[in-house]
Amino acid sequence: MQVSVEFLGRTRVLSRGRELALSRQSISFLAYLVLYRELDHPREVMIEHFWSSHEPARARSCLGTALSRLRKGLCIEGHDCLELSARGEPRISLSAPIWYDVVAFESGIGPSLAAPPGVLEPSLLENLVVALSHYRGDLLLGWYEGWVLTERERLRLLCLRGYRRLMEHYSAVGNIENALAAGHAALRIEPLQELVQQRVIELYHASGQRAAAIRQYERLAELLKNELGIAPSKNTRALIEGVRSERPH
């Protein structure tokens, strides 16, 4: 692809390795069209999202200007990233030579989550690992519009599901090291996932790392106390009691 657009983590647009200087408004507008690429975008809806505080005539002018600037900024060797439907609604052109990290992320994770539990087929596993590598951070850091916050949380949860599925696969094939790596990757995104914490403790215990299992529980207990003012769940406490009751290997 001639152009790469990154919305996850650091937001930037690269053309042949060189970062393009798109305005914040253009990036926001592009992100909206990409994230909602399967929907129609009546101009009235776009105006409501981006220029609801403007007078109608001014808002329509702003929309026209935004479309023009984005089209100009991402017109690559005659390929236009934007196209208009028969009703004049803006949408992303699927033929434009542009790669979007968020599209690659979503499309790579979906099939693995839809697959039966347990071991993944090699192609699904490869696609899942590559997709997760695209998640270099939360969506559009520094943007706080309502639709951005909604999509940020959705993609964050999708990433967590991806890492849990990866952990499940590696556990099923007996690769404890990679299963633990996937579990810790999920916990770096959201450390308060107690079910993932339980699985990490179980994996440590199963691999003979009793002390590591106990340390994992103690970190969880401290985190829950400091963040939420609660203790680990009954199931987690029962799990660690079983670990502690055994003689060290």
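The values are calculated or read from the model by the stated rules, or taken from the named source; none is laboratory data. What you are looking at is a predicted structure, and each value in this text was computed from that prediction instead of being measured. Note: ideal-geometry Cβ built from the backbone for every residue, glycine included; neighbour counts use all protein chains shown.
Quick notes
- Any hit, the range 30-53, residues being at pLDDT 85 or above, touching a Lys or Arg at 6+ places or on another chain (Cβ under 6 Å), closer than 16 Å to residue 148 by Cα and surrounded by 12 or more Cβ atoms within 10 Å (Cβ to Cβ): no
- Test: residue in the range 63-79 that is within 23 Å of residue 154 (Cα to Cα) and assigned to a helix (DSSP H, G or I): no
- Residues within the range 69-96 that are farther than 13 Å from residue 41 by Cβ, among the small types (Gly, Ala, Ser), touching a residue at least 12 places away in the same chain (Cβ under 8 Å) and out of contact with any Leu (no Cβ under 8 Å at 6 or more places or on another chain), tallied: 1
- Just so you know, in the range 97-109 the residues that are surrounded by 17 or more Cβ atoms within 10 Å (Cβ to Cβ) and free of Cβ contacts under 8 Å to residues at least 40 places away in the same chain include one that is nearest to residue 136 (Cα to Cα), and it is 104.
- Those residues of the range 82-113 which are over 25 Å from residue 16 (Cβ atoms) and β-branched (Val, Ile, Thr), in sequence order: 109
Yes/no per residue for (1) within 15 Å of the chain's Cα centre (by Cα); (2) within 21 Å of residue 106 (Cα to Cα); (3) crowded, with 16+ Cβ neighbours inside 10 Å; (4) among the basic types (Lys, Arg):
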{"position": "171", "(1), (2), (3), (4)": "no, no, yes, no"}
{"position": "177", "(1), (2), (3), (4)": "no, no, no, no"}
{"position": "189", "(1), (2), (3), (4)": "yes, yes, yes, no"}
{"position": "211", "(1), (2), (3), (4)": "no, no, no, no"}
{"position": "217", "(1), (2), (3), (4)": "no, no, yes, no"}
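- Qualifying residue in the range 38-60 (condition: closer than 22 Å to residue 142 by Cα, touching a helix residue (DSSP H, G or I) at 6+ places or on another chain (Cβ under 9 Å) and in contact (Cβ under 8 Å) with a residue 60 or more places away in the chain): yes
- Residue in the range 62-71 that is of a type in the set (D, E, K, R), farther than 20 Å from residue 146 by Cα and touching a strand residue (DSSP E or B) at 6+ places or on another chain (Cβ under 8 Å) present: yes
- Meets criteria (exposed (fewer than 15 other Cβ atoms within 10 Å of the Cβ) and either part of a helix (DSSP H, G or I) or hydroxyl-bearing (Ser, Thr, Tyr) (or both)) for residue 58: yes
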